[in-house]
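Rule-based calculations on the coordinates, nothing more; no lab input. Since this is a predicted model, take the numbers as computed values, not measurements. Here the Cβ positions follow ideal geometry from the backbone for every residue, glycine too, while neighbour counts run over all protein chains shown.
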2 protein chains.
Amino acid sequence: MKITLIGLGLIGASIAKALKGKARITGIDQDASTVGRALTDGVISHGGAELSLASGSDMVIVAVPVGSIVETIGRAIPYLDDGTVVTDTGSTKAHIVRSIDEIWPSFIGSHPIAGKENPGYASSQADLFSSAMTIITPSPATRAGCIENVRRMWEWCGSLTCIMDPQLHDELMAVISHMPHLLSFVSMSMAGSVQIHRELLGAGFRDFTRIAASDPVMWRDIFLENAGNILPLIDQYREELKKLRDLIEQGRGQELEDTLTAYARIRRGLYGDSR
Amino acid sequence: MKITLIGLGLIGASIAKALKGKARITGIDQDASTVGRALTDGVISHGGAELSLASGSDMVIVAVPVGSIVETIGRAIPYLDDGTVVTDTGSTKAHIVRSIDEIWPSFIGSHPIAGKENPGYASSQADLFSSAMTIITPSPATRAGCIENVRRMWEWCGSLTCIMDPQLHDELMAVISHMPHLLSFVSMSMAGSVQIHRELLGAGFRDFTRIAASDPVMWRDIFLENAGNILPLIDQYREELKKLRDLIEQGRGQELEDTLTAYARIRRGLYGDSR
């Protein structure tokens, strides 16, 4: 079985490492030194920069930034056999699935809920998906059999899988991933002057701002692709912030306490007493 | 040496546990069962609900919610000897220091940068302050000798100490603690519907929202006490959020990437590649 990874960054190279021994892995990446390192490490058996290397693949996994997925698959299609199953690893799904459905019948979207702040091949690891969840997003246009093939591949990587509608996926991710990242990024607008007091930073600040160190290009693409779901949430968040602001300014202690209590209860409802 | 703790919650009881064997500890708390448990555990040698128990103390440490500190010290003063050193453990300092300076010459503010989401005696632990930093906030009115006494007490608890102006303390804490807590609390306004998809929550969401489970009464008091520093930061944050929103809506990819890159650089500047 031949599987081709397009993109040997954190996600792509981690998949290649996880699949080692289960398939012949070809790696395609524009960065020649990354391909060279993956070959030397034995992570891939063939590699290079040319999309033609994907020909003859049973499965092609596209692990490039969200904003490049549609275009990359479009350029790879001329080299694919009719039955080649194609999937991606992008953090948004609706627009990608809609676009590829029009040009390739054996496509199904994937989103592994796994990652690290540090991008790139150097950060990849075979167990990145171990016990993580991968959301698989078929559409009515998805050819029969694709789901099982892609699900099996993720299970080989150690991932759990679930099936979800692409649009619902994007709505949900806007809340549980995209907005937290955006809000954490923006919190850095206040922190430029903190540098001289680094020794005073507590665990709360560290955890709250951890995701602000995420890859800017990856998140630019995600915010743009999922703007339809993110923009209303930003407006809603700004409104809520305004309400809390006014309670503080007007010294309305009981209402402030009630609001904070409701928020804390939601968090505790999600995780119980474990943090 | 007699040290009296007023308030046997997470902070007060952790101090009592840390000071065990270094002083005779009296504990005052309105909750009789907490006092009983602390006596049974040997965490305090005397205890009860009456502030008169503080008489004869060399030092009194007030570990009650920020909003009750000034009033509690005011009620305790009639029982104190002239030389009794008084300190508190509140997360805001300017207003407290200003108020107590007028009524007690041997007061100096403290703020241990330590805590946990779960409040109360049951969560207290002797090593809570181990290697943490405690900020000590003298004012021009502080009587000589108080600084050294209070510093030594915190060092007995295992804490590092530093000296800072009370007003500067509040400005800095608004940025590195109060705003992150407020923003994390407010993010819960979006998360009520996430309950049914708990298995999809990743590490980013977990870390970003951890402090939203903090004690609502404690944080109500902090937000109200430090409103002067927090309100302008909320306005600034809402403005920054609006700018990012507009970049996303208008599809201005390069500016969006530049902004995110600047934010990520600030975070990486604070912590390097460790998270």
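About the Cα centre of the protein assembly as shown, how large is the charge dipole given +1 on each Lys and Arg Cβ and -1 on each Asp and Glu Cβ? Please answer in debye to the nearest 20.
1100 debye
Round to the nearest 0.05 the FRET efficiency obtained for A:ASP246 and B:GLU148 when R0 = 51 Å and r is the Cβ-Cβ distance. Can you show the working numbers first?
Working: r = 44 Å, r/R0 = 0.86.
Efficiency computed from Cβ-Cβ geometry: 0.70.
Check which residues have an amide H placed less than 5 Å from A:VAL64's amide H, if you skip close sequence neighbours.
A:THR89
Using the Cα centre of region B:2-164 as origin and beta-carbon charges of +1 (Lys, Arg) and -1 (Asp, Glu), tell me which of B:SER45, B:THR4, B:ALA132 is placed farthest towards the positive end of the dipole.
The one lying farthest along the dipole's positive direction is B:ALA132.
Suppose every Lys and Arg Cβ carries +1 and every Asp and Glu Cβ carries -1, with no other charges. What dipole size does chain B come out with about its Cα centre, to the nearest 20 debye?
Here chain B has a charge dipole of around 600 debye.
What is chain A by shape, rounded, prolate or oblate, if you read a ≥ b ≥ c off the alpha carbon gyration tensor as root eigenvalues and call it rounded for a/c under 1.5, prolate for a/b larger than b/c, and oblate otherwise?
It comes out prolate by the Cα gyration axes.
If we hang a label 7 Å off Cα along the beta carbon direction at B:GLU102, how far is it from the matching labels on the other copies, in nm, shortest first?
In ascending order, 7.1 nm.
Taking each residue of B:251-261 in turn, how many C-beta atoms of other protein chains fall within 10 Å of its C-beta, and what is the average?
5
Once you keep just the Cα pairs under 8 angstrom separated by 6 or more residues, what percentage relative contact order results for region B:1-118?
Computed over region B:1-118, the figure is 23 percent.
Just the Kirkwood number for region B:1-67, please: inverse of mean 1/r across all distinct Cα pairs, in Å, one decimal. Each step should come with its number before you reach the end.
On the way: mean 1/r = 0.0881 Å⁻¹.
Radius from the Kirkwood sum: 11.4 Å.
With an 8 Å Cα cut-off and a minimum separation of 6 or more residues, compute the relative contact order for region B:116-180 in percent.
It comes to 38 percent, rounded to a whole number.
Longest segment of chain A with no GluC sites (Glu not before Pro) in a DSSP loop having at most 12 other Cβ atoms within 10 Å? If you can, show how the numbers build up before the last one.
On the way: sites that count: A:GLU50, A:GLU102.
Formally, the longest exposed-site-free interval is A:103-275.
Determine the shielding of peptide B:221-232 by partner chains: average, over its residues, the number of Cβ atoms on other chains within 10 angstrom of each Cβ.
What the average comes to for B:221-232 is 3.
What order do you get for A:VAL35, A:VAL62 when you list them from fewest to most C-beta neighbours inside 10 Å?
Values: A:VAL35 22, A:VAL62 26.
By the 10 Å Cβ count, ascending: A:VAL35, A:VAL62.
Can you give me the relative contact order of chain B as a percent, contacts being Cα pairs under 8 Å and 6 or more apart?
16 percent
Quickly work out the B:ASP81-to-B:GLU102 label distance, labels modelled 7 Å from Cα along the C-beta direction, and quote it in nm with one decimal.
Between B:GLU102 and B:ASP81, the label points sit 2.9 nm apart.
Quick one: which residues, 5 or more positions from B:PHE107 or on another chain, have an amide H under 5 Å from its amide H? H modelled 1.01 Å from N in the peptide plane, none for Pro or chain starts.
B:VAL86, B:ARG143
Over the whole of B:123-136, what's the average partner chain Cβ count within 10 Å per residue? Rounded to a whole number, please.
1
Between the alpha-carbon centers of region B:213-238 and region A:130-165, tell me the distance in whole angstrom.
Here the answer is 44 Å between Cα centres.
Across chain B, how many lysine pairs separated by 8 or more positions, or lying on different chains, have Cα atoms within less than 28 Å?
12
Looking at the protein assembly as shown, send over the antiparallel percent of its DSSP beta bridges, to the nearest 5.
The answer is about 15 percent antiparallel.
Given the -39500 (n - 2.57) contribution per DSSP H run of 4+ residues, what per-residue ellipticity at 222 nm results for chain A, rounded to the nearest 500 deg cm²/dmol? Before the final figure, lay out the partial values.
Details: 11 runs with 121 residues, N = 275.
Roughly -13500 deg cm²/dmol at 222 nm, from the helical runs in chain A.
Quick one: divide the alpha-carbon radius of gyration of region B:2-164 by 2.2 N^0.38 Å and tell me what you get.
Ratio of Cα Rg to 2.2 N^0.38 Å: 0.92.
For the rotation that brings chain B onto chain A, whose beta-carbon in chain B is nearest the axis, and what is that distance in whole angstrom?
B:ASP207, 2
Between A:LEU260, A:LEU224, A:LEU233, find the one with the highest GNM mean-square fluctuation for chain A; connect C-alpha pairs within less than 10 Å.
A:LEU260
Restricting to bridges with both residues inside chain B, how much of the DSSP beta-bridge set is antiparallel, in percent to the nearest 5?
So the antiparallel bridges amount to about 15 percent of the total.
Which distances, shortest first and in nm, link B:PRO232 to the matching position in the other copies, using label points set 7 Å out along Cα to C-beta?
Spacings between copies for this position, smallest first, are 3.7 nm.
Net charge within 12 Å of B:GLY7 by Cβ-Cβ distance, Lys/Arg positive one each and Asp/Glu negative one each, not counting B:GLY7 itself?
-3
Hey, what do the phi angles of region A:47-56 turn into as Karplus ³J(HN,Hα) couplings, whole Hz, using 6.51/-1.76/1.60 and θ = phi - 60°, x for Gly and Pro?
x, x, 9, 8, 5, 4, 4, 6, 4, x
Two decimals, Cα atoms only, Kirkwood Rh: what is Rg/Rh over the protein assembly as shown?
Here Rg/Rh amounts to 1.07.
Top mean-square fluctuation among B:ILE136, B:ILE234, B:ILE222, Gaussian network model of chain B, C-alpha springs under 10 Å?
B:ILE234
Hey, what does the equivalent ellipsoid look like for region B:169-271, semi-axes from the Cα gyration tensor as sqrt of 5 times each eigenvalue, largest first, whole Å?
Working from the Cα gyration tensor, I get semi-axes of 24, 21, 14 Å.
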